[in-house]
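Remarks on the structure that follows.
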Ligand SMILES: [Zn+2]
């Protein structure tokens with residue numbers, strides 16, 4: 001057997017701590033490939049064809065060759081990077097900016113920062129957002145506050161946003177005792193009916209959890225699905241709502257500020273869920289010790305998330321699949 005010229009070092013887990021470290025870690029596509037191989041095959045590379053564990057040979061164009069059966073594969077096959085013509089160095093740089101900038105980056109800002117086309121920037125961002133949702137599989141539990149909010153359309157100041165009409169978003173947030181917040185989940189729903197609200201809750205909150213809501217009838221069947229239900233009937237005064245649903249109110253305010261700030265208030269309804277997933281990913285990692293860890297986490301998900309089609313990127317991803 002030939003001596004492999006380009007062995008991939010399966011070293012200990014590592015990630016860049018600073019932008020300077022990022023730049024020196026990923027000078028070319030080969031270093032990006034090596035990093036992604038480590039993330040994709042954590043227990044070592046296994047040939048997808050003959051299933052033999054080995055150290056593959058790394059060839060040009062990111063090709064990995066099984067030393068036993070000579071089957072060729074790439075680290076990007078079957079992942080969100082599948083069939084991309086964008087270099088991995090560009091993908092990783094986008095991932096770095098998305099995860100380390102405090103509020104992320106719009107496709108427009110990625111376009112300008114990386115000197116690429118808007119279309120490529122938008123495609124990378126949308127595919128990363130699909131990978132983000134895969135990190136949020138664990139159900140919320142304990143005490144969870146839930147309420148709906150409206151985003152987009154004409155805001156309270158009467159200024160017209162670029163989004164056409166207002167969209168209903170239901171927000172769930174874990175409440176810690178005696179204070180503080182845990183994780184969140186959000187979903188864009190077509191209406192505030194019991195079906196939409198309870199469907200969301202059953203998908204995202206563990207049965208047996210204690211759920212705080214207002215007096216809206218859409219929540220009235222919660223107990224029959226195994227939840228403890230604490231209802232606070234709010235008066236019509238807007239101030240009262242802040243007091244009784246402080247967690248959801250805070251998230252709704254941050255979400256709206258993010259859409260207005262980072263995204264200049266512009267989003268189309270078919271992509272709203274993608275924005276919500278990105279906001280959730282970032283919020284749920286707000287206490288992470290290192291942004292570099294969040295960067296690695298996103299890439300870890302990216303290599304085990306199935307390909308995202310052009311149709312998904314353009315017309316909106318089917319989040320139910
Ligand atoms: Zn093989």
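In table form, for the structure just shown:
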| read-out | value |
| --- | --- |
| Counted residues, the stretch 299-310 - those being part of a helix (DSSP H, G or I) and surrounded by fewer than 19 Cβ atoms within 10 Å (Cβ to Cβ) | 1 |
| Per-region count, the stretch 38-55, residues away from the ligand (no atom under 15 Å from the Cβ) and out of contact with any helix residue (DSSP H, G or I) (no Cβ under 6 Å at 6 or more places or on another chain) | 4 |
| Among the residues listed as 18, 33, the single one being under 22 Å from residue 131 (Cβ atoms), away from the ligand (no atom under 16 Å from the Cβ) and modelled with pLDDT of 90 or more | 33 |
| Which numbered condition residue 96 fails, given (1) touching a residue at least 12 places away in the same chain (Cβ under 8 Å); (2) within 15 Å of the ligand (Cβ to nearest atom) | (2) |
| Any hit, the stretch 284-295, residues being over 30 Å from residue 97 (Cβ atoms) and free of Cβ contacts under 8 Å to residues at least 24 places away in the same chain | no |
| Residue list for the stretch 42-71, filter: surrounded by 15 or more Cβ atoms within 10 Å (Cβ to Cβ), in contact with a strand residue (DSSP E or B) (Cβ under 9 Å, 6 or more places away or on another chain) and without any contact (Cβ under 8 Å) to a residue 24 or more places away in the chain | 54, 65, 66 |
| Subset tally (residues that are touching a helix residue (DSSP H, G or I) at 6+ places or on another chain (Cβ under 6 Å) and either within 11 Å of the ligand (Cβ to nearest atom) or not in a strand (DSSP E or B) (or both)) for the stretch 56-78 | 2 |
| All positions within the stretch 28-55 that are in a loop (DSSP other than H, G, I, E, B) and closer than 20 Å to residue 297 by Cα | 41, 42, 43, 44, 45 |
| Some residue of the stretch 193-212 being at pLDDT 95 or above, under 19 Å from the mean Cα position of the chain (by Cα) and not in a helix (DSSP H, G or I) | yes |
| Options 153, 115: the member that is more than 20 Å from residue 84 (Cβ to Cβ), over 15 Å from the mean Cα position of the chain (by Cα) and exposed (fewer than 15 other Cβ atoms within 10 Å of the Cβ) | 153 |
| Hey, residue 172 outside any helix (DSSP H, G or I) and modelled with pLDDT of 95 or more or not | yes |
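The values are calculated or read from the model by the stated rules, or taken from the named source; none is laboratory data. Just so we're clear, the structure is a prediction, and the values are computed from it rather than from any experiment. Every residue, glycine among them, receives a Cβ derived from its backbone with ideal geometry; neighbour counts consider all protein chains shown.
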